[in-house]
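Chemist: Structure below; questions to follow.
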Amino acid sequence: MPDPAALDAATAAGLTDVHARRVALVERLVLQVARERYGDGPTDLAAGWLARVRGDGPAAFDALADDIEGASVDTLAAVLRTLTAYFHLVNKAEQIEIVRVNREREMGASAERPRGESIQEAVAVLRQDGRSAEEARQLVATLDIQPTLTAHPTEARRRSVLLHQQEAAEALDRLTGQAPLTPAEAAEAEEEALDRLRLLLATDEVRPAAVTVQDEVRHGLYFVATSIWDVVPKIHADLRRAFRETYGESPGEPLAFLKYRSWIGGDRDGNPNVTAEVTEWTLRAHREDALRLHRRGLDVLRRDLSVSDHQVEFPPELWDSVEADRETVRLPERRWRQNAREPVRLKVMQMASKLDRLIETLPDGDSGQTRGPGVAPAYDGAAFRADLDLIADALRQAGLAPLAESGPLADARVRAATFGFHLAALDLRQHSRLHEEAVADLLARADVEADYARLGEDERLELLTRELKNPRPFIRLGGEVGETTDRILSALRVAKRAIEDEPASIGSYIVSMTDAVSDVLEVLLLAKEVGLWRRHADGRVESPIDAVPLLETIADLEAGPALLSALFENEVYAEHLKARGGMQEVMLGYSDSNKDGGYWQANWSLHKAQGAIAETCRRHGVDLRFFHGRGGTVGRGGGRAGQAIRAMPPVAQTGRIRFTEQGEVISFRYALPGIARRHLEQIVHAQLGALADAEQARLDAEAATAAAPSDDAHALMERLADRSMDAYRALIDADDFWPWYASATPIAHIAGLSIASRPISRKGVGELDFDGLRAIPWVFSWTQPRFTAPGWYGVGAALAEAITGDDLELLRALQDEWPFFQAITGNALREMARARLVVGRRYSRLAEASGASRAPFEAVETEFSRAETALLRVARRDELLDPTRAIAATIRYRNPATDVLNLVQLDLMRRWRAGAEGDDALRRALLLSVNAIAAAMQSTG
């Protein structure tokens, strides 16, 4: 049973009855286990402090701060661990509620009235708009959606903690789900939840040692090999069902419109721990997981497809394939006797034997030695997919088409097309400055150019173009090169070997901080040095990878179209593009552009860049795929994925899209299969709808005019962006800002968290400053004190003047009609609703006590007030969030417990600065407080 007082608090916040009972039950269970673990003292404090803040709000802060000051560090650590476990389970409870609500809506949906943002709705809208089944199929065939997993320092939880949370959530779901439980079943489920909580509180929340890249790789693969592997075939099944119910036809063969990529183990920009050896280990880990998962799927097919030629007639092609493999693929004689009339089973067993041999010949992850004797069969992902297609064709010809088009075989074919033998294609990334250093080294050692760094851009382009045409390498194999050169060339050699084994195993090569054409050509020259890029005498180029410029700063976004135009006009790069099918990928950096120019300017610059780059590609006859480097928070481009897709300029809607999924976003979106399925269906829904609208706009001048902002709107957005950036830079460039920020946020303690292999600063931890600090911990440290400023600062300055003049009506029209404007105002409103300046003020007082100026906080407070006033006027509303919406109820419910965590963290920071810096228990408690608030805010960076 839920705790009555906790249930009252949840109900008063506005949670649904089902969800209120669920979180109240979480509170009771957590306090019960905390009492077992820590005794009555700390548990009573945690429960009492929470009750006081729920009852009195901020009026209780001063008295509560006095209580906290009188508690020991060990007591505060116990309170932190208790409330962290509470929030972890509340987060899981919210995910369960989302799944429940979606299921409830699905139960009430029909073909005529499909559930909102579902694939069924997207296909139904295509028909309503007059598109035939064939036209709808062509749109689907255009889709190329590639979520990309990255390992930025934003996931503060250990995998052990994640697993305990998952098990506890499953028990909680049974306790509060729709299916009635017997008293014995209910008792069993509750005891299981309690056991998982006991394990949570007995497991280190903060990692005892620094995270390795291998840890991060395993973490990412866990989600690919579980929920993603399970859900992707369901998305395809949803599409097939939607076509049947809408058009009475099939969408066609299973197209791999949804594929995953990863940066984890390939992204070496700023991370010296990502070596060539680590990348090679990562590729092996990907391959082994893929092979084992496909092997498990073949066991299902062998059991399922018990079709005999006594009952149906199989085409000769299937029998021929079985016989062709009989000499090289040895099956036990009893299998030939038992399954002599079951060619599908025989073929599946032959495929399984080949996978077994591949797995046996894989090097061991730790020793690098092969697991078994023998030579791996010449069997790759394409051959595996061809065998599955052969079985499907045989079943169709045998009159069993439904077995080919749904069920385990259809799932296996989707997985073969989606994941291959590589699971998720691995990207490589490195900073352009290091490529320049490596090229300079090679040119000097080969006596081609002694001082490449001194050359201007035109001279560099002439030299690089000439050398790309020259087939000879600079250095003989094994020749001496500089350390940077060796690291880059070694990584490219690893990529070359991986591509030879499985062509799809390597994705793109991302060039960080691209600001010149030479930055891209340098990568091709380095790839040429190891034989990964080749140009033949007739000018024909062979290149298995895409060279992808990453535009990160406001200036680089503005210069992007001109850079790409010059790149396309380079004769050698034009041949490279031809080798890559005429498709150019361009990555946009949301984090660094926000840190550089502030929220409004970054969003507007990114939007403009997308339109201008898309137009540049169209003009040059180049197909385009944007790669959106979004983070989890609004300040780093986060927000609803579907809304972000709809907000793109119509000219940029190509059907091809990539986007990063980072840190805690991966855990939130993929920990529960129901959430994963909803996330992916919303992306497919948005992409189909946006692509259809963009296609219509290209065909219809009236539709195109309606989709684009007017000249007046464009001019207004320019003014707003400039004002916003001026206000933002005035804050962060002020002499008194950094001392205040470093004291008013826990950035120094975030630097001590073992949550990623990549350092949080480009400089040493002891040399933290604005320029050196990476964008992710920059946002992380704003979030902890509840300022959330990167998600809204500058909006007030931008809009304050506009809402008092003639621009207000234009702003309101944009709010009503323009998806992009709706996205940036909506995201800012949500981030401001999550902010809590009454808490942030106390952090500022702590900084002021250390001698920092109060002026930065006054600027934040003033800007918040201006932004709130302006956004409410533009959106025609009275509150930041509609009080009836679930997100508003969630924030109201979470605030009191998060307030308690902030007050504890403030006291620990005060003690640390009072001279207890050598206290190891205090240091651990501070890190616990960072983790606790990250769980409460569901956000780190």
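Yes/no matrix, rows are residues, columns are (1) assigned to a helix (DSSP H, G or I); (2) at pLDDT 90 or above; (3) over 25 Å from ALA9 (Cα atoms):
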{"residue": "VAL874", "(1), (2), (3)": "yes, yes, yes"}
{"residue": "TYR893", "(1), (2), (3)": "yes, yes, no"}
{"residue": "THR898", "(1), (2), (3)": "yes, yes, no"}
{"residue": "LEU903", "(1), (2), (3)": "yes, yes, no"}
{"residue": "MET909", "(1), (2), (3)": "yes, yes, yes"}
{"residue": "ALA916", "(1), (2), (3)": "no, no, yes"}
{"residue": "ILE933", "(1), (2), (3)": "yes, yes, no"}
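Chemist: Just one of (1) touching a residue at least 24 places away in the same chain (Cβ under 8 Å); (2) more than 30 Å from ARG241 (Cα to Cα); (3) surrounded by 15 or more Cβ atoms within 10 Å (Cβ to Cβ); (4) not β-branched (Val, Ile, Thr) trips up ASN102, so point out which.
Modeler: (2)
Chemist: Only one of these conditions is not met by PRO883: (1) at pLDDT below 90; (2) farther than 17 Å from TRP782 by Cα; (3) assigned to a helix (DSSP H, G or I). Which number is it?
Modeler: Here PRO883 meets the rest and fails (3).
Chemist: Output the qualifying pairs, or none if there are none: Cβ atoms under 7 angstrom, residues six or more apart or on different chains, first residue in the range 120-147 and more than 22 Å from ALA256 (Cα to Cα), second residue among the hydrophobic types (A, V, I, L, M, F, W, C) and surrounded by 15 or more Cβ atoms within 10 Å (Cβ to Cβ).
Modeler: ASP129/ALA692
Chemist: Being part of a helix (DSSP H, G or I), without any contact (Cβ under 8 Å) to a residue 24 or more places away in the chain and among the hydrophobic types (A, V, I, L, M, F, W, C), is that true of even one residue in the range 148-167? Reasoning before the result, please.
Modeler: Initially, the range 148-167 is screened for residues part of a helix (DSSP H, G or I), giving 159-167.
Still in the running and without any contact (Cβ under 8 Å) to a residue 24 or more places away in the chain: 163.
Within this subset, residues satisfying the condition of being among the hydrophobic types (A, V, I, L, M, F, W, C) are 163.
Within the range 148-167 (the criterion being part of a helix (DSSP H, G or I), without any contact (Cβ under 8 Å) to a residue 24 or more places away in the chain and among the hydrophobic types (A, V, I, L, M, F, W, C)), the answer is yes, since at least one residue qualifies.
Chemist: Please find, among LEU221, LEU162, LEU200, LEU175, the residue that is modelled with pLDDT under 95 and over 26 Å from the mean Cα position of the chain (by Cα). Walk me through how you get there before you give the answer.
Modeler: On the way: LEU221 fails: over 26 Å from the mean Cα position of the chain (by Cα); LEU162 fails: over 26 Å from the mean Cα position of the chain (by Cα); LEU200 fails: over 26 Å from the mean Cα position of the chain (by Cα).
LEU175 is the lone residue from the list that is modelled with pLDDT under 95 and over 26 Å from the mean Cα position of the chain (by Cα).
Chemist: Could you grab the pairs with beta carbons closer than 7 Å, sequence gap of 6+ or different chains, first residue in the range 57-80 and closer than 16 Å to GLN905 by Cβ, second one modelled with pLDDT of 95 or more and among the charged types (D, E, K, R)?
Modeler: Hits for this filter: LEU64/ARG52; ALA65/ASP907; ILE68/ASP907; GLU69/ASP907.
Chemist: Quick one: is ALA516 in contact with a strand residue (DSSP E or B) (Cβ under 8 Å, 6 or more places away or on another chain), of a type in the set (A, V, I, L, M, F, W, C) and buried (at least 17 other Cβ atoms within 10 Å of the Cβ)? Before the answer, list the steps.
Modeler: Working: in contact with a strand residue (DSSP E or B) (Cβ under 8 Å, 6 or more places away or on another chain): no; of a type in the set (A, V, I, L, M, F, W, C): yes; buried (at least 17 other Cβ atoms within 10 Å of the Cβ): yes.
Against the criterion (in contact with a strand residue (DSSP E or B) (Cβ under 8 Å, 6 or more places away or on another chain), of a type in the set (A, V, I, L, M, F, W, C) and buried (at least 17 other Cβ atoms within 10 Å of the Cβ)), ALA516 does not qualify.
Chemist: Right, next: Give all pairs with beta carbons closer than 8 Å in which a residue from the range 335-347 that is in the same structural domain as SER308 (by TED's automatic domain parsing) and outside any helix (DSSP H, G or I) meets a residue that is modelled with pLDDT of 90 or more and exposed (fewer than 13 other Cβ atoms within 10 Å of the Cβ); count only pairs at least 6 apart in sequence or on separate chains.
Modeler: GLU342/SER306
Chemist: Right, another one. Just one of the numbered conditions (1) modelled with pLDDT of 95 or more; (2) crowded, with 20+ Cβ neighbours inside 10 Å; (3) not polar (S, T, N, Q) is not true of ALA9; which one?
Modeler: Among (1) modelled with pLDDT of 95 or more; (2) crowded, with 20+ Cβ neighbours inside 10 Å; (3) not polar (S, T, N, Q), ALA9 violates only (1).
Chemist: Please go through the range 417-450 and give me each residue that is farther than 30 Å from VAL232 by Cβ and of a type in the set (Lys, Arg), ordered by number.
Modeler: Result: ARG433, ARG445.
Chemist: Filter the range 234-256 down to residues that are closer than 28 Å to ILE545 by Cβ and surrounded by fewer than 23 Cβ atoms within 10 Å (Cβ to Cβ) and give me whichever is farthest from the chain's Cα centre (by Cα).
Modeler: Taking the range 234-256 first, the residues closer than 28 Å to ILE545 by Cβ are 235-236, 253-256.
Still in the running and surrounded by fewer than 23 Cβ atoms within 10 Å (Cβ to Cβ): 235, 253, 255-256.
Values: ILE235: 18, GLU253: 28, LEU255: 23, ALA256: 19 Å.
Out of the qualifying residues, it is GLU253.
For every residue, the table says whether it meets (1) among the aliphatic types (A, V, I, L, M); (2) within 30 Å of GLU134 (Cα to Cα); (3) under 18 Å from the mean Cα position of the chain (by Cα).
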{"position": "LEU258", "(1), (2), (3)": "yes, yes, yes"}
{"position": "ARG261", "(1), (2), (3)": "no, yes, yes"}
{"position": "ASP269", "(1), (2), (3)": "no, no, yes"}
{"position": "TRP281", "(1), (2), (3)": "no, no, no"}
{"position": "ARG292", "(1), (2), (3)": "no, no, no"}
{"position": "ARG296", "(1), (2), (3)": "no, no, no"}
{"position": "ASP299", "(1), (2), (3)": "no, no, no"}
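Chemist: Looking at the range 32-54, I want the residues that are buried (at least 18 other Cβ atoms within 10 Å of the Cβ) and have a partner that is at pLDDT below 95 and of a type in the set (Lys, Arg) with Cβ atoms under 7 Å, at least 6 apart or on another chain. Which pairs are those?
Modeler: Close Cβ pairs (under 7 Å, with a partner that is at pLDDT below 95 and of a type in the set (Lys, Arg)) amount to VAL33/ARG198.
Chemist: Something else now. Among the numbered criteria (1) farther than 30 Å from GLU277 by Cα; (2) surrounded by 20 or more Cβ atoms within 10 Å (Cβ to Cβ), which one does LEU355 miss?
Modeler: (1)
Chemist: Then there is this: Condition first: without any contact (Cβ under 8 Å) to a residue 60 or more places away in the chain and over 16 Å from the mean Cα position of the chain (by Cα). Now tell me which residues in the range 677-700 satisfy that.
Modeler: Going through the range 677-700, the residues without any contact (Cβ under 8 Å) to a residue 60 or more places away in the chain turn out to be 679, 690, 693-694, 697-700.
Within the range 677-700, ALA690, ASP693, ALA694, ALA697, ARG698, LEU699, ASP700 qualify.
Chemist: Look at ALA440 and say whether it is assigned to a loop (DSSP other than H, G, I, E, B), modelled with pLDDT of 95 or more and either among the aliphatic types (A, V, I, L, M) or in the same structural domain as VAL530 (by TED's automatic domain parsing) (or both).
Modeler: On the way: assigned to a loop (DSSP other than H, G, I, E, B): no; modelled with pLDDT of 95 or more: yes; either among the aliphatic types (A, V, I, L, M) or in the same structural domain as VAL530 (by TED's automatic domain parsing) (or both): yes.
Answer is no for this residue.
Chemist: Within the range 305-330, can you find the residues that are farther than 25 Å from ALA410 by Cα and assigned to a loop (DSSP other than H, G, I, E, B)? It would help to see each step written out before you state the result.
Modeler: Initially, the range 305-330 is screened for residues farther than 25 Å from ALA410 by Cα, giving 326-328, 330.
Answer for the range 305-330, where residues must be farther than 25 Å from ALA410 by Cα and assigned to a loop (DSSP other than H, G, I, E, B): GLU327, THR328, ARG330.
Chemist: Keeping to the range 211-252, report how many residues are small (Gly, Ala, Ser) and either touching a Leu at 6+ places or on another chain (Cβ under 9 Å) or farther than 30 Å from GLU112 by Cα (or both).
Modeler: 3
Chemist: From GLU462, GLU457, GLU522, grab the single residue that is touching a residue at least 12 places away in the same chain (Cβ under 8 Å), surrounded by fewer than 21 Cβ atoms within 10 Å (Cβ to Cβ) and not polar (S, T, N, Q).
Modeler: Working: GLU462 fails: touching a residue at least 12 places away in the same chain (Cβ under 8 Å); GLU522 fails: surrounded by fewer than 21 Cβ atoms within 10 Å (Cβ to Cβ).
When all the criteria are applied, what remains is GLU457.
Chemist: Another question about this same structure. Is it the case that ARG911 is of a type outside the set (A, V, I, L, M, F, W, C) and within 27 Å of GLU848 (Cβ to Cβ)? Talk me through it step by step, then tell me what you get.
Modeler: Details: of a type outside the set (A, V, I, L, M, F, W, C): yes; within 27 Å of GLU848 (Cβ to Cβ): yes.
The answer is yes for ARG911.
Chemist: Then there is this: Identify, please: which residue in the range 492-508 is assigned to a helix (DSSP H, G or I), within 24 Å of the chain's Cα centre (by Cα) and of a type in the set (A, V, I, L, M) and is, among those, modelled with the highest pLDDT?
Modeler: Looking at residues that are assigned to a helix (DSSP H, G or I), within 24 Å of the chain's Cα centre (by Cα) and of a type in the set (A, V, I, L, M), I get ALA495.
The values are calculated or read from the model by the stated rules, or taken from the named source; none is laboratory data. Note that the coordinates shown come from a computational prediction; the quantities given were computed from them, not determined experimentally. Backbone-built Cβ (ideal geometry, glycine too); neighbour counts: all protein chains shown.
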